[in-house]
Each structure stands twice: as C-alpha cells, then as structure tokens.
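Data first, discussion second: the structure below is written as structure tokens.
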Amino acid sequence: MISDLFRKPAQLIHDQRCVIVHIHIFKNAGTTFDWALKRNFGKAFIDHRDDDARKKGGAEYLLNYINAHSDLAAFSSHHIRIPLPEDDTATFLPALFIRHPVLRAQSVYTYERHQRSATPGAQHAKKLDFEKYIEWRMQKGVGRTIRNSQTIICAKLLAPGRPFNLTRAKTFLELCPLMGIVERFDESMVVFEHHLQSYFQGLDLSYRRQNRGRDENKDQPKSINARASAILNTMGAQKELFLESNKNDQMLYRFANKLLDERIQSIEDFGAHLTEFQERKARLQRTLLG
C-alpha cells in the first residue's frame, strides 16, 4: 500500500521547533516536493488550501495556524506571504523552486489544456494551439502566469506591495535557505538535505515524480537548451515576444543556477552524496513498482 511507504517521521535534532514553509509556485515541481515532505513527515505535513484566509491573514495567520498545530513540521501553500512570522520558539525555513521559463510555459499550457476547470487559462488552452495560446498569454490584461511571473513572485516576497524588480528577486533567492531548480531536482534535494540535516534526523527527500505533463512522456532532447529551443520553435511568430516578455525570468533562472552551483561547491564530496541520493531514489521507485 502507498501509505506503507510513508516513513517514520524525521525527528527534530534540537528542542527548538523547525517548520519548512514551501512557497509553491504553479508548475514548478511543487507537488513532487510536497510528496517527499509528506513521505517524511506524514501528518506533520500540511498542504494548505484555504488560500483566502492565508492571503488576508499574513504572517499572523500563519503563526496562529502553526501554533494551533503543534506537531507541524512542513507547510505548503500557493500563497505564502513574506515576512514569515517571528517566534522565539520556532525556526521557519522558506523553500521554493525556479524553473526554465520556456519549459515552464509548455508545462502550464499542457496542464491547463487537460485541466478540469473553467478558468480563463484552461478555457483558452483547450481551444487554442500552443502558438495562439502564447499570443493570448502575452496580452496586457491577461494574467501574467508566464510573463516574468517567477521574478514578480520572488520580488514581492522580499518587498510586498512594491513594483517587481529583478534585483529584489535575486536578493530573495540569496536569502532563501532552500532554493531549488526544477531541471536540477536531484541536486537541489541533496542541497536541501544538507541544509536540513542540522534540524531533522533521518530526513530522506527521495521522491516519486508527480503531475508529469502528458507531453513530457514523449521523446525529448536531453539538453535543457535543446528542449527550450524546440519549444520556442513551436511558438512561431510569438517567439520573440515571449522572450522579451520573459527577459527577467531568464536572467533570474541563470542567477538561480549560479547560486545553486555555489551551494553545491560548499558541500564536501557532493558527487558522492548525489550518487547515494539517486540510489535511494531508485530503490524507492522499485518499491513503488513492486
């Protein structure tokens, strides 16, 4: 049974409480990360869906919620607000993932095309091909889901209420202790485990991938740049407009990769840790298939 795969909850090393706060960005592998958190923490992980209350209440709401759930070790929401609450009895660790803007755009389209929803995005994805969908998404007045949206989110996390700014978005990533990259998920998980080892004993972030897009099952180039080029070519006349509308997200993605590289370099014998992590992941896959 799947429930049997959930491990004994990872144990706090120190008396002070630690809560992982996952800032779940749409189509940035957040469901996969949540699956790994659930596997580790069981009922001590909560995927919070009462977004209206969360958005209105801010840090005070989150602090009251966490205090009301004394066993909570990990919390995920699409609408986290920064700053996180301050509390002498707990440490709050924000976590989020950045994704290549071109690959993310295709994933958003594929998801909305098959989504059972009446949202404008889902409606347009179902009736338009990818090029026409991109043309619609680039229009002013349409939600900025794939127009520098990651830069906007990160900048506003650092400075709520202020216009988005690439510099502020980069600063937030530097300050975020758990910053991962979707296309480098395994490496990100090893960095996360390394950072979290001083808080939790027995943490194992090996995972089973969730919400794989239907188009992602087809044969694709292995190189990220080759995949991005192939997707851009399907945008036709909208290619240049898409690139211009996502200039900041492209720069943020390059910065995030550089930052991840720096964090990897600070971990002794990282290659060995990565190999061991991937072996754990392979054992988990075999267990699931068995």
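The values are calculated or read from the model by the stated rules, or taken from the named source; none is laboratory data. Only a predicted model underlies this, so the values are computations on that prediction, with no experimental measurement involved. All Cβ positions, glycine included, derive from the backbone under ideal geometry; neighbour counts span all protein chains shown. Side chains included, ligands, DNA and RNA excluded: accessible areas come from the protein's heavy atoms. Shrake-Rupley method; radii C 1.70, N 1.55, O 1.52, S 1.80 Å.
Structural remarks
- Every condition in (1) surrounded by 20 or more Cβ atoms within 10 Å (Cβ to Cβ); (2) under 30 Å from L84 (Cα atoms) is met by Y109 except one, and the failing one is (2).
- Cross-chain or 6+ apart pairs with Cβ under 6 Å, the stretch 235-253 first and touching a residue at least 12 places away in the same chain (Cβ under 8 Å), then in a helix (DSSP H, G or I) and among the acidic types (D, E): M235/E131; G236/E131; Q238/E131; Q238/E135
- Of the residues T119, T151, T145, T110, the single one that is out of contact with any Lys or Arg (no Cβ under 8 Å at 6 or more places or on another chain) and modelled with pLDDT of 95 or more is T151.
- Considering residues of the stretch 236-290 that are part of a loop (DSSP other than H, G, I, E, B) and closer than 30 Å to L203 by Cα only, the residue most open to solvent (accessible area, probe 1.4 Å): E268
- Of E131, E60, all but one fail to be in contact (Cβ under 8 Å) with a residue 24 or more places away in the chain, of a type in the set (D, E, K, R) and out of contact with any Ser or Thr (no Cβ under 8 Å at 6 or more places or on another chain); the exception is E60.
- Selection from the stretch 162-189 of residues that are more than 28 Å from L284 (Cα to Cα), open to solvent by less than 40 Å² (accessible area, probe 1.4 Å) and in a helix (DSSP H, G or I): L166, A169, F172, L173
Yes or no, residue by residue, for (1) within 20 Å of D249 (Cα to Cα); (2) touching a helix residue (DSSP H, G or I) at 6+ places or on another chain (Cβ under 9 Å); (3) open to solvent by 30 Å² or more (accessible area, probe 1.4 Å); (4) part of a helix (DSSP H, G or I):
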residue	(1), (2), (3), (4)
T91	no, no, yes, no
L96	yes, yes, no, no
K126	no, yes, yes, yes
Y133	yes, yes, no, yes
G143	yes, yes, yes, no
Q150	yes, yes, no, yes
A155	yes, yes, no, yes
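- All positions within the stretch 81-100 that are of a type in the set (A, V, I, L, M, F, W, C) and closer than 23 Å to E183 by Cβ: L93, A95, L96, F97, I98
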